[in-house]
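Participant: Below you will find the structure I want to go over with you.
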Amino acid sequence: MLIYVGEPHYQIIVAEEGTGDNLLPEDIKEGYVDYFMTSTYKQEGDELELIDSGQMLCDKLIKDMETEEVIDLLMDYHYGYTPKDYTILDY
């Protein structure tokens, strides 16, 4: 998934569903069943600068989620809320 987040962040979020091999036994014990590998970029001139990356654990299979639910989870993970100004560039 590729998302452009506008005002006030002006960033791009890249999120890719994990393959399952990064879930630790303790993650599974806590109820996590899937995850996203995410990266956040900010445009600096003609280039994109990586400003954050991580693994977002999910207690539900991503393939079973609605798009809006995935967006809300990703935005909450990165910003603590869902900004109003965003565009899904690729899903």
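The values are calculated or read from the model by the stated rules, or taken from the named source; none is laboratory data. On a predicted model such as this, the values are computed, not experimentally measured, just so you know. Backbone-built Cβ (ideal geometry, glycine too); neighbour counts: all protein chains shown.
Participant: Considering segment 21-38 alone, what residues qualify as being assigned to a strand (DSSP E or B) and of a type in the set (A, V, I, L, M, F, W, C)?
Facilitator: Listed by number, the residues that qualify are Phe36, Met37.
Participant: In the set Leu61, Leu23, which member is crowded, with 16+ Cβ neighbours inside 10 Å and either touching a residue at least 12 places away in the same chain (Cβ under 8 Å) or within 14 Å of Met1 (Cβ to Cβ) (or both)?
Facilitator: Going through Leu61, Leu23 in turn, just one is crowded, with 16+ Cβ neighbours inside 10 Å and either touching a residue at least 12 places away in the same chain (Cβ under 8 Å) or within 14 Å of Met1 (Cβ to Cβ) (or both): Leu23.
Participant: Which of the following residues is surrounded by 13 or more Cβ atoms within 10 Å (Cβ to Cβ) and under 10 Å from the mean Cα position of the chain (by Cα): Val5, Val70, Val33?
Facilitator: Val70
Participant: Further question: If I go through segment 1-20 residue by residue, how many of them are in a strand (DSSP E or B) and within 20 Å of Met65 (Cα to Cα)?
Facilitator: Count: 7.
Participant: Another question, then. Of the conditions (1) part of a strand (DSSP E or B); (2) modelled with pLDDT under 95, Ile88 fails just one. Which one is it?
Facilitator: Of the numbered conditions (1) part of a strand (DSSP E or B); (2) modelled with pLDDT under 95, the odd one out for Ile88 is (2).
Participant: Of the conditions (1) assigned to a helix (DSSP H, G or I); (2) closer than 17 Å to Glu16 by Cβ; (3) not aliphatic (A, V, I, L, M), Asp72 clears all except one; give me its number.
Facilitator: Among (1) assigned to a helix (DSSP H, G or I); (2) closer than 17 Å to Glu16 by Cβ; (3) not aliphatic (A, V, I, L, M), Asp72 violates only (2).
Participant: Starting from residues that are of a type outside the set (Ser, Thr, Tyr) and loosely packed, with under 11 Cβ neighbours inside 10 Å, keep the ones in segment 73-91 and report whichever is farthest from His9 (Cα to Cα).
Facilitator: Asp90
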